[in-house]
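Any read-out appearing in this document is the output of simple, stated calculations on the displayed coordinates, not a laboratory observation. Values in this document were obtained by computation on a predicted structure and should not be read as measured data. Backbone-built Cβ (ideal geometry, glycine too); neighbour counts: all protein chains shown.
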Amino acid sequence: MLQPSTRTGDFLLETLPHWRKRPRWVLSLTLCMALLWLPGATASILNCHKTCICASNIVSCSKMNLTYIPRGIPLYTAVLDISYNEIDRLQADWTPAKLPKLHNLLLSHNGLNFLSSEAFVNVKHLRYLDLSSNNLELLDEFIFEPLVNLEVLLLYNNQISQINRAAFITVVKLQKLYLSQNQISRFPRGAGQGKVPPREPESAGCVLQQNQDATR
């Protein structure tokens, strides 16, 4: 529990006369409750002994039967593994605070069927994003817009049948895009044009090549 300094307590006792008649522990408890309501006061409440495993800047919550991403992910987290859980929706507020250090996010094998259009607003520095082996059916327009630093995107083994033409427009640093094992019958002409280098990963290249041929 947070402990206010003696100077703080004395100051409040002098400025609020009605507190003088109350025990000092009442004042301490009141201050603690007030601090908990301050913005960011609950930014690091993740239980690294029960909910996840924390090692340095790596946080692993894999295979914990989670139905939602735990709150209070440490701001220093660089790698976050949420794979092999039961999270079917990635809402915009899955992380209320920005995670400026996060560069690897693993969300595979969750049964994800919904991605909010603002799901990645607070993780703009991602370089590696794994959304493979879920139940995603389509990629909305500008879904990856905030991820200007993204280099690797794994979307294989989903149910994707439609890709919006603008889905990859802003991912200017994208190097590898895995789209195999989906239901894409037609890859939109110009989708990601000029953003993804011609040398695709083998697992994605076969699908992309077939779909690009279909647009000709």
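Values as computed for the structure displayed
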| read-out | value |
| --- | --- |
| Strands (runs of 3 or more DSSP E) contained in the stretch 41-103 and holding at least 2 residues buried (at least 18 other Cβ atoms within 10 Å of the Cβ) and not small (Gly, Ala, Ser) | 79-81 |
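Every residue, every condition in (1) among the hydrophobic types (A, V, I, L, M, F, W, C); (2) under 14 Å from Leu174 (Cβ atoms); (3) surrounded by 21 or more Cβ atoms within 10 Å (Cβ to Cβ), yes or no:
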{"site": "Phe114", "(1), (2), (3)": "yes, no, no"}
{"site": "Ser117", "(1), (2), (3)": "no, no, no"}
{"site": "Lys124", "(1), (2), (3)": "no, no, no"}
{"site": "Leu129", "(1), (2), (3)": "yes, yes, yes"}
{"site": "Asp140", "(1), (2), (3)": "no, no, no"}
{"site": "Leu147", "(1), (2), (3)": "yes, yes, yes"}
{"site": "Val152", "(1), (2), (3)": "yes, yes, no"}
{"site": "Leu155", "(1), (2), (3)": "yes, yes, yes"}
{"site": "Asn158", "(1), (2), (3)": "no, no, yes"}
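Residue-wise test of (1) in contact with a strand residue (DSSP E or B) (Cβ under 7 Å, 6 or more places away or on another chain); (2) outside any loop (DSSP other than H, G, I, E, B).
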{"position": "Ser132", "(1), (2)": "yes, no"}
{"position": "Asn135", "(1), (2)": "no, no"}
{"position": "Leu153", "(1), (2)": "yes, yes"}
{"position": "Ile169", "(1), (2)": "no, no"}
